[in-house]
Amino acid sequence: MNMCGNINGRKEESFIAKEYQLLLNILNESFMMIRLNCAGKIIAINDHFIKKIGYTLDDLYMQDARIISSTYHHVDFGKSIWELIMQGKQWRGELCNRKKNGEMVWLQCIIVPVQDEGNYVTQVIAIATDITKEKEASKWKYLAYHHELTNLPNKRMLQQSIDAQLLRREKKQEKLAILFMDINQFKKINTKYGHLNGDLFLMEVAKRLASLSILGNHVYHVSGDEFIILLEDVEIIEVVVNTLFSEFREPFAIENFQIEASVSIGISIYPDHSKEAKSLLNCANSAMFEAKKESGNNYRLYQL
């Protein structure tokens with residue numbers, strides 16, 4: 001009998017068992033884990049899951065996994081994930097779930113099907129990390145750089161963008177146009193239709209501007225009824241202006257109203273009118289007020 005071989009074999013099995021247990025301990029301490037049967041019922045959760053979500057296994061055992069889902073995702077989103085898993089495929093992504101106390105929790109997940117010899121899915125294992133803090137930080141950063149009403153980039157974002165643009169234009173010795181657009185008689189719109197409808201009107205204006213591919217992602221809502229557009233190709237200024245005017249020839253359907261509006265646009269050009277961001281904005285603003293002297297849709301190029 002080869003006793004040495006048996007001893008070595010037992011040592012190797014013991015070593016593998018310890019390594020496996022160590023891996024499980026690391027996973028248990030660092031990741032949330034949940035195990036489902038093929039019907040989507042919860043059959044096991046780990047300690048980290050209990051700590052983060054607040055439910056115990058007694059709370060969740062044989063409950064549908066949707067018990068911890070939030071209303072953030074559309075019902076079809078969850079169905080599409082489950083269909084993918086039942087095909088024997090993995091899914092990776094972000095899920096917004098709900099803790100026992102009702103708080104929302106964002107998870108970075110990988111969901112893996114466990115298959116038998118016939119390739120039938122018998123169980124599903126989900127491994128997740130809590131990314132709620134990261135999502136909150138991202139949310140606040142977004143809010144800091146976007147207008148709270150229209151979600152367009154705001155004045156703070158404009159300042160960063162225009163500074164970066166001017167640096168690039170200087171290096172490449174290229175021009176940049178700044179279009180300062182103001183909605184004519186917006187105060188009268190607020191007075192006639194009410195401030196709530198005035199806000200809805202601005203949101204619709206923002207949607208139309210954001211949908212114009214010719215503007216790229218260079219539209220900024222800087223305040224009230226004022227918008228700034230950075231135009232990299234100064235050769236198409238008139239095309240862009242006429243495109244904007246066309247958008248305002250169509251009434252805005254807000255609630256039961258058809259709101260008609262026009263705009264005044266002032267334009268300055270780097271480096272023709274200035275090489276400084278603040279000065280260029282002031283020049284465009286000044287030209288916009290010149291355009292306002294005429295009724296309807298009008299624009300003016302700044303004159304030195």
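Mind checking whether some residue in region 197-211 is surrounded by fewer than 19 Cβ atoms within 10 Å (Cβ to Cβ), farther than 26 Å from LYS172 by Cα and in contact with a His (Cβ under 9 Å, 6 or more places away or on another chain)? The answer is yes, given that some residue of region 197-211 is surrounded by fewer than 19 Cβ atoms within 10 Å (Cβ to Cβ), farther than 26 Å from LYS172 by Cα and in contact with a His (Cβ under 9 Å, 6 or more places away or on another chain).
Yes or no, residue by residue, for (1) assigned to a helix (DSSP H, G or I); (2) surrounded by fewer than 15 Cβ atoms within 10 Å (Cβ to Cβ); (3) at pLDDT 95 or above:
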| position | (1), (2), (3) |
| --- | --- |
| GLU134 | yes, yes, no |
| ASN151 | no, no, no |
| LEU158 | yes, no, yes |
| LEU166 | yes, no, yes |
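Would a scan of region 221-240 turn up a residue that is surrounded by 15 or more Cβ atoms within 10 Å (Cβ to Cβ), farther than 23 Å from ARG168 by Cα, of a type in the set (Phe, Trp, Tyr) and assigned by TED's automatic domain parsing to the domain that holds LEU166? No, because not a single residue in region 221-240 is surrounded by 15 or more Cβ atoms within 10 Å (Cβ to Cβ), farther than 23 Å from ARG168 by Cα, of a type in the set (Phe, Trp, Tyr) and assigned by TED's automatic domain parsing to the domain that holds LEU166.
Scanning region 169-186 for residues that are surrounded by fewer than 12 Cβ atoms within 10 Å (Cβ to Cβ) and in a helix (DSSP H, G or I) yields LYS171, LYS172.
Figure legend. Inter-residue proximity from region 282-295: first residues assigned by TED's automatic domain parsing to the domain that holds ILE183, second residues modelled with pLDDT of 95 or more and acidic (Asp, Glu), beta-carbon distance below 9 Å, spacing 6+ or different chains. Indicated pairs: ASN285/ASP182; ASN285/GLU226; MET288/ASP182; MET288/GLU226; PHE289/ASP182; ALA291/ASP182; LYS292/ASP182.
For region 254-274, filtering for residues that are in contact (Cβ under 8 Å) with a residue 12 or more places away in the chain and farther than 19 Å from ASP233 by Cβ leaves 8. Just one of the listed residues (GLY93, GLY102) is over 21 Å from the mean Cα position of the chain (by Cα) and at positive phi, and it is GLY102.
Look through region 97-111, keep the residues that are loosely packed, with under 15 Cβ neighbours inside 10 Å and part of a strand (DSSP E or B), and return whichever of them is modelled with the lowest pLDDT. For region 97-111, the residue satisfying everything is MET104.
The set of residues in region 44-73 that are exposed (fewer than 14 other Cβ atoms within 10 Å of the Cβ) and closer than 22 Å to GLU134 by Cβ comprises LYS51, THR71, TYR72.
I'm trying to understand the selection: among the residues of region 68-96, which are touching a residue at least 12 places away in the same chain (Cβ under 8 Å), basic (Lys, Arg) and not in a strand (DSSP E or B)? LYS89, the sole residue that qualifies. Restricted to region 247-298, and to residues there that are part of a strand (DSSP E or B), in contact with a Phe, Trp or Tyr (Cβ under 8 Å, 6 or more places away or on another chain) and not β-branched (Val, Ile, Thr), the residue that is surrounded by the most Cβ atoms within 10 Å (Cβ to Cβ) is GLY266. Considering only residues that are more than 24 Å from LYS99 (Cβ to Cβ) and either in a strand (DSSP E or B) or aliphatic (A, V, I, L, M) (or both), which ones fall in region 136-149? Within region 136-149, ALA144, HIS146, LEU149 meet the criteria. Does ALA206 satisfy the condition of being within 17 Å of the chain's Cα centre (by Cα) and free of Cβ contacts under 8 Å to residues at least 60 places away in the same chain? It is true that ALA206 is within 17 Å of the chain's Cα centre (by Cα) and free of Cβ contacts under 8 Å to residues at least 60 places away in the same chain. Cβ separations smaller than 7 Å between residues 6+ apart or across chains give the following pairs from region 105-132 residues that are in contact (Cβ under 8 Å) with a residue 60 or more places away in the chain to residues that are in a loop (DSSP other than H, G, I, E, B) and exposed (fewer than 14 other Cβ atoms within 10 Å of the Cβ): VAL121/GLY88; THR122/ASP116.
Remark: pairs (first residue in region 150-161, free of Cβ contacts under 8 Å to residues at least 24 places away in the same chain; second residue not in a helix (DSSP H, G or I); Cβ separation under 6 Å; 6+ apart in sequence or on different chains) = ARG156/TYR145.
Quick check on ASP76: is it assigned by TED's automatic domain parsing to the domain that holds LYS52, more than 17 Å from LYS135 (Cβ to Cβ), exposed (fewer than 14 other Cβ atoms within 10 Å of the Cβ) and in contact with a Lys or Arg (Cβ under 9 Å, 6 or more places away or on another chain)? Before the answer, list the steps.
Values: assigned by TED's automatic domain parsing to the domain that holds LYS52: yes; more than 17 Å from LYS135 (Cβ to Cβ): yes; exposed (fewer than 14 other Cβ atoms within 10 Å of the Cβ): yes; in contact with a Lys or Arg (Cβ under 9 Å, 6 or more places away or on another chain): no.
Against the criterion (assigned by TED's automatic domain parsing to the domain that holds LYS52, more than 17 Å from LYS135 (Cβ to Cβ), exposed (fewer than 14 other Cβ atoms within 10 Å of the Cβ) and in contact with a Lys or Arg (Cβ under 9 Å, 6 or more places away or on another chain)), ASP76 does not qualify.
The values are calculated or read from the model by the stated rules, or taken from the named source; none is laboratory data. Bear in mind that the values here come from a model prediction, so they are computed numbers and not experimental data. Every residue, glycine as well, gets a Cβ built from its backbone with ideal geometry; the counts of neighbours run over all protein chains shown.
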